Amino acid sequence: MTSRLTGALIAMAALLATGLSTGGRIYYLLFYTMLLLLLLSLASVLWVLFTAQIEMRGVKPRVERGEALMTIFTVRHASLLPVSSLRIRLNVPSAFSASQEISVSTPPFKTRTFRYMVRCPHRGSYEVGVTRLRAKDLFGLFSISKKSGLRLLRVDVYPKSYDVPFMELKAGDTGPELRSRATEDASSPSDVRKWQEGDVLKKVHWKLTMRRRELMVRTFEESSRPDTLIVPDLAEISALPDQALSIEDCVCEVCLSQARAQLEEGYPVRMPLLSARPGEVAGQFPQDFTMFAEALMRVKFDSPYPYEQVQLQMLRRSTRTGGCVLVTPRLTTRVADMALKIARSGVRVRLVWVTDSRNSQSLEMVERLKMENVEAHLTDPWEGAA
């Protein structure tokens with residue numbers, strides 16, 4: 001019930017009471033005029049709602065964050081009585097309100113087409129479509145809505161990826177603690193050949209050497225390329241809702257971009273997602289990129305584990321890891337120390353700090369990491385959101 005309808009009912013009640021008490025016909029005439037006005041207003045609204053037909057097209061099932069969907073509406077109704085407006089309520093991807101209303105105007109028995117841009121500001125999976133129709137009469141007395149009857153469409157908003165430098169990893173790299181990463185798999189001998197300058201004695205095939213009376217050495221299959229471990233910080237972010245979503249988007253996009261760079265260079269990638277429901281994504285070909293995008297689109301930032309504890313778990317499983325990418329919106333002293341431990345174990349480390357902070361203490365910590373052979377970078381989430 002609108003405020004205007006309440007006022008009209010009060011006025012009608014006053015006219016009827018005055019007419020009954022005084023017997024003046026003018027009050028009855030005014031009363032019936034207002035009653036007829038109310039009935040026509042109600043009839044116009046109901047007629048539009050029950051004859052309205054609406055279709056929606058142009059909703060793509062998959063978009064990247066920041067893109068806009070060009071939706072197309074066709075609206076038709078058969079009401080001969082005029083109405084003030086016909087409003088369409090939409091379910092849209094939004095950080096604040098999951099619904100928006102647009103107003104359309106169309107004459108009876110004619111189909112009109114409208115275009116509307118639906119923006120997708122944050123990653124995630126959303127239901128998009130028309131949920132309700134609302135009609136309002138010319139005098140603003142009635143505002144009635146009904147369900148549209150249309151099926152909502154699922155739209156997946158994927159994080160964006162952009163060009164980043166890949167981490168060049170060599171199977172023979174040796175870390176500061178001289179942990180050997182052999183380029184050959186000693187458990188998989190493949191052939192023998194004659195001795196060449198630079199060969200080591202432990203590869204000599206002594207039995208075959210004695211038989212042929214010349215030095216023969218074993219050759220081995222080359223081991224697979226070392227993995228790249230990408231570890232996002234999935235702990236809950238303490239910020240305003242829209243700010244937290246922008247930071248989450250930036251963390252996911254940094255991880256996705258680095259995964260794409262490594263996959264395109266032929267390096268296997270593992271991405272543990274230690275949220276409240278932990279999982280892991282792994283791939284070694286560029287075609288596996290979609291799996292990483294899908295996982296980062298759906299992952300929740302609700303991890304019960306502090307990031308330094310996650311880093312400790314990664315340190316324990318770094319036997320075949322050639323490089324480790326750490327992405328966090330919180331760079332604390334403990335996080336920095338764990339990054340240094342991983343680097344000192346022989347793993348190449350790249351740390352990406354998602355922040356717009358530029359205070360001296362934080363910058364000193366970044367410089368300290370760089371001096372210890374950790375690639376430290378700062379990424380502004382607001383620039384990424386723009």
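The values are calculated or read from the model by the stated rules, or taken from the named source; none is laboratory data. Predicted, not measured: the structure shown is a model, and the values here were computed from it. Every residue, glycine as well, gets a Cβ built from its backbone with ideal geometry; the counts of neighbours run over all protein chains shown. Areas reflect the complete protein model, heavy atoms only, side chains present, ligands, DNA and RNA absent. Shrake-Rupley method; radii C 1.70, N 1.55, O 1.52, S 1.80 Å.
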Among (1) in a helix (DSSP H, G or I); (2) open to solvent by 60 Å² or more (accessible area, probe 1.4 Å) - the single one Arg87 does not satisfy
(1)
For the range 353-379, which positions are touching an Asp or Glu at 6+ places or on another chain (Cβ under 9 Å) and open to solvent by less than 30 Å² (accessible area, probe 1.4 Å)?
Val354, Thr355, Leu369, Ala376
Consider Val130 carefully, then state whether it is open to solvent by less than 20 Å² (accessible area, probe 1.4 Å), in contact with a strand residue (DSSP E or B) (Cβ under 9 Å, 6 or more places away or on another chain) and either part of a loop (DSSP other than H, G, I, E, B) or free of Cβ contacts under 8 Å to residues at least 40 places away in the same chain (or both).
no
It is to be established whether one or more residues within the range 7-15 are open to solvent by 30 Å² or more (accessible area, probe 1.4 Å), assigned to a strand (DSSP E or B), modelled with pLDDT of 90 or more and not aromatic (Phe, Trp, Tyr).
no
What residue, among those in the range 275-331 that are assigned to a strand (DSSP E or B) and of a type in the set (A, V, I, L, M, F, W, C), is nearest to Gln258 (Cα to Cα)?
Val325
In the list Asp173, Asp163, Asp156, which residue meets the criterion of being charged (D, E, K, R), surrounded by 15 or more Cβ atoms within 10 Å (Cβ to Cβ) and either assigned to a strand (DSSP E or B) or modelled with pLDDT of 75 or more (or both)?
Asp156
The range 297-332 - residue that is more than 30 Å from Asn359 (Cα to Cα) and either aromatic (Phe, Trp, Tyr) or modelled with pLDDT of 90 or more (or both) and, of those, surrounded by the fewest Cβ atoms within 10 Å (Cβ to Cβ)
Arg298
Condition first: part of a strand (DSSP E or B), modelled with pLDDT of 95 or more and not aliphatic (A, V, I, L, M). Now tell me which residues in the range 217-256 satisfy that.
Pro232
So Arg4 passes all but one of these: (1) open to solvent by less than 60 Å² (accessible area, probe 1.4 Å); (2) touching a Leu at 6+ places or on another chain (Cβ under 6 Å); (3) of a type outside the set (Phe, Trp, Tyr); (4) within 18 Å of Phe142 (Cα to Cα). Which condition number does it fail?
(1)
